[in-house]
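Before any comments, here is the structure.
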Amino acid sequence: MSLKKTYYIETFGCQMNKNDSELMALSMLEHGFEPAEDLEHAEIALFNTCSVREHAENRVISRIRSHRKKTRGHDRVTVVAGCMAQRIGTELIESGIADMVVGPYQSPEIGRLIVSHFMDRSRDRFLSQDTDDLSPRINLRLSAIRDAPPWHRWVTITHGCDNNCSYCIVPLVRGRLISFKSATILEYIRHLAANGIREITLLGQNVNQYGADSSDLPFHKLLEAAAGIEGIERMNFLTSHPKDFSVDILLVIRDHPNISRSIHLPLQSGSDRVLGLMSRGYTRSQYLSLVEQIRNRLPSHSLSTDIIVGFPGETESEFEQTLAAAEQIRFDDAYTYAYSQRRGTPAYSMAESITREEKVGRLKRLIALQRSISRRKLDEKIDRVEEAIIERLSRKSSEEVMGRTFLNHVVITPGTKQDIGKRVKVRIQGVRGTALQGTRIA
Ligand code: SAH
Ligand code: SF4
Ligand code: F3S
């Protein structure tokens, strides 16, 4: 059955959701749906959601409410997909926020599920919450999809997470670690490269654990094989976990110039006691010695991180240990968050000892420190030559383009539409806001 209805997808949350949204778009197109210009005009509004923090959920709920208010009286359907659908799908239906919910397990099947919803709107509103029913994330037909940049594809190599960090909802909504077969992943990347894709990002909540649930290749072997595929000019991977990041990975990066030199390694806290309560599986000094190994083996690299402030029981002096670690390590970039209590996680029962204002106060201090470090690290790039892949025209000038360097910094340089997707060399001349600016030398 084919329905000539239009759809629009709004995506929240992490890169896994971005990949799922591309798969959702593919499924919608293959079931005869057509893309709408914007959310307001779409007959089917799809929200691919995130549950990682309460704030993320509240934001999307108010977005959906305002969308429904605006389109009231028209024949519109609201579908909520992703992690929030998995977590509170039933409540979303009962409170009239969603007409249909699809958990992340089967989001790539969304076209088929929506068709069945239209066949009988009174049934099939609570779909695919079954965690044994995982649909694959690798689909050769994604190479041709128009909703994605013409040179880049996400490649999800694992689904779920076996780590159970005490604050984290992800294992609850995405389930156990499942590694997709390396042969399928590599065949997919070969297919993408043969179809003009030049940049790949391997995705997983902890990519370093790839293969731990099967007898497949370890992560560094998969990375090596993927980076060896002809036509792939840049290979990125997200996210690494300090307890599983091995020297083998660094050696593979060192020997493959087409692997990005930007490593995302969440620290979460600089206090050993808090790290223990978080069940992260490493100490501050183990993290520091990993950073030392990275410095020794990769002369040119950048390091980014995630940090949570105000974890239950975090004292002022423990928070200061996080500040001290950030100062000592000098991350290029840090994604900083105020702790958010999530029902069902081990930390849920731990009493919070500081007020919301104190938490936000700590966050502000950390952000101010990191901002000045990031700025100084950008300044250090002046006069260096950086390689970048151009992503799009600059928003400010029609004669400039925006790209991303191999150290994952945004760079602005003269160029045209024809440069999009190209790998270029740029001599850095200055810093504009949080972006580098320079001239092309090749
Ligand atoms: N798998 C990745 C990313 C998980 S979610 C990893 O392990 O790093 C992204 C980030 O959100 C986490 O690294 C953490 O810093 C933050 N986060 C997760 N749960 C949170 C919570 N309950 N409150 C505040 N921040 C949280
Ligand atoms: Fe969450 Fe930890 Fe898994 Fe990351 S590694 S998704 S923080 S449980
Ligand atoms: Fe959010 Fe789900 Fe990703 S909770 S961070 S969208 S795995």
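The values are calculated or read from the model by the stated rules, or taken from the named source; none is laboratory data. This structure is a prediction, so every number in the text was calculated from the model and none was measured. Glycine also receives a Cβ, built like all others from the backbone with ideal geometry; neighbour counts cover every protein chain displayed. Protein only, heavy atoms only, side chains kept; ligands, DNA and RNA dropped before computing areas. Shrake-Rupley method; radii C 1.70, N 1.55, O 1.52, S 1.80 Å.
How far apart, in nm, are the 7 Å Cα→Cβ label points at Leu140 and Lys422?
Reported label-point gap for Leu140 and Lys422 is 3.2 nm.
Please compute the Cα-Cα pair-distance distribution of segment 140-379 with 10 Å bins starting at 0, giving whole percents from short to long.
P(r) over segment 140-379, rounded to whole percents: 7, 29, 33, 23, 8, 0.
For an R0 of 22 angstrom, estimate the FRET efficiency from the Cβ-Cβ distance between Ala351 and Ser62 and round to the nearest 0.05.
The computed FRET efficiency comes out at 0.15.
Counting Lys +1, Arg +1, Asp -1, Glu -1, what net charge surrounds Asp272 among other residues with beta carbon under 15 Å of its beta carbon?
+1
Quick one: putting +1 on the C-beta of Lys and Arg, -1 on the C-beta of Asp and Glu, what dipole do you get for segment 382-442 around its Cα centre, in Debye to the nearest 20?
100
Round to the nearest 0.05 the FRET efficiency obtained for Leu288 and Ala183 when R0 = 45 Å and r is the Cβ-Cβ distance.
0.75
Under a point spin-label approximation (7 Å from Cα along Cα-to-Cβ), what is the Arg343-Thr439 distance to one decimal in nm?
In this crude label model, Arg343 to Thr439 measures out at 6.1 nm.
With r defined as the distance between the Cβ atoms of Asp38 and Thr315 and R0 fixed at 51 Å, what FRET efficiency is calculated, to the nearest 0.05?
0.60
If you wrap a convex hull around the C-alpha atoms of the chain and split its volume per residue, what is the figure in Å³?
152
How big is the shadow of the Cα convex hull of segment 385-440, averaged over all directions, in nm²?
Convex hull of Cα atoms, orientation-averaged projection: 3.2 nm².
Picking from Thr434, Gly310, His31, whose Cα lies most toward the positive end of the charge dipole for the chain (charges on Cβ: Lys, Arg +1; Asp, Glu -1)?
Going by the Cα projections, it comes out as Thr434.
Subtracting the Cα-Cα distance from 0.36 nm times the residue separation, let me have the gained length for Lys69 to Ser394 in nm, one decimal.
113.6 nm
What does the charge count around Lys425 come to, taking other residues whose C-beta lies under 14 Å from its C-beta (Lys +1, Arg +1, Asp -1, Glu -1)?
Here the charged neighbours net out to +3.
Find how much the distance from Asn164 to Arg330 grows on full extension, using 0.36 nm per residue of separation minus their present alpha carbon separation; answer in nm with one decimal.
Gain in length upon complete extension: 57.0 nm.
Cα centroid distance between segment 260-295 and segment 166-241, in Å?
With segment 260-295 and segment 166-241 each reduced to a Cα centre, they are spaced 22 Å.
If you take the alpha carbon radius of gyration of segment 324-442 and divide it by 2.2 N^0.38 Å, what ratio comes out, to two decimals?
1.41
Tell me the GluC sites (Glu not before Pro) within segment 35-112 that lie in a loop according to DSSP and have at most 11 other beta-carbon atoms within 10 Å.
Sites meeting the loop and neighbour criteria: Glu37.
Specify the inter-centroid distance of segment 7-59 and segment 322-362, based on alpha-carbon positions, in whole Å.
Computed from Cα coordinates, the inter-centre distance equals 29 Å.
Let me check I've understood the local charge: for Asn163, count other residues with C-beta under 12 angstrom from its C-beta, Lys and Arg +1, Asp and Glu -1. What total comes out?
+2
Just the number, please: percent antiparallel of the DSSP beta bridges in the chain, rounded to the nearest 5.
35
For segment 52-64, in order, what is each residue's ³J(HN,Hα) by Karplus, 6.51 cos²θ - 1.76 cosθ + 1.60 with θ = phi - 60°, in whole Hz (x at glycine and Pro)?
Each residue of segment 52-64 in turn: 5, 9, 4, 4, 4, 5, 4, 4, 6, 5, 6, 4, 5 Hz.
Positive end of the charge dipole of the chain (Lys, Arg +1 and Asp, Glu -1 on Cβ, about the Cα centre): tell me which of Asn164, Ser95, Ile373 has its Cα farthest that way.
The listed residue farthest towards the positive side: Ile373.
Any chance you could run the full-extension gain for Lys221 through Lys364? It's 0.36 nm times the residue separation minus the Cα-Cα distance, nm to one decimal.
Difference between extended and current length: 47.4 nm.
Taking the Cα centre of the chain as origin, work out the dipole magnitude from +1 charges on Lys and Arg Cβ and -1 charges on Asp and Glu Cβ, in debye rounded to 20.
The dipole magnitude comes to about 1000 debye.
Determine ³J(HN,Hα), in whole Hz, for all residues of segment 266-279 in sequence, where each value follows from phi through the Karplus function 6.51 cos²θ - 1.76 cosθ + 1.60 and θ = phi - 60°; x replaces Gly and Pro.
Using θ = phi - 60°, the values come out as x, 8, 6, 7, x, 10, 4, 5, 5, 4, x, 5, 7, 6 Hz.
Starting from the Kirkwood radius over alpha-carbon pairs of segment 6-133, derive D by Stokes-Einstein at 37 °C in a medium of 0.692 mPa s and give it in µm² s⁻¹.
It comes out at roughly 230 µm²/s.
Once ligands and nucleic acids are excluded and a 1.4 Å probe is used, how much of Arg87 is accessible, expressed in Å² to the nearest 10?
Counting only protein heavy atoms, the figure is 70 Å².
Return the calculated 222 nm mean residue ellipticity for the chain, to the nearest 500 deg cm²/dmol, obtained by summing -39500 (n - 2.57) across DSSP H runs with n ≥ 4 and dividing by the residue count.
After summing the helix terms and dividing by residue count, I get -10500 deg cm²/dmol.
Would you tell me the accessible area of His55, worked out with a 1.4 angstrom probe on the heavy atoms of the protein chains, in Å² to the nearest 10?
His55 has an accessible surface of roughly 130 Å² with all protein chains in place.
Taking the dipole about the Cα centre of segment 6-133, with the C-beta of Lys and Arg at +1 and of Asp and Glu at -1, give me whichever of Val77, Asn58, Gln106 is farthest to the positive side.
Checking the options against the dipole of segment 6-133, the answer is Asn58.
What are the ³J(HN,Hα) values, in whole Hz, obtained from phi via the Karplus relation 6.51 cos²θ - 1.76 cosθ + 1.60 with θ = phi - 60°, for each residue of segment 159-176 in sequence order, with x given for Gly and Pro?
10, x, 7, 9, 8, 6, 4, 5, 8, 9, 7, 3, x, 6, 8, 10, x, 5
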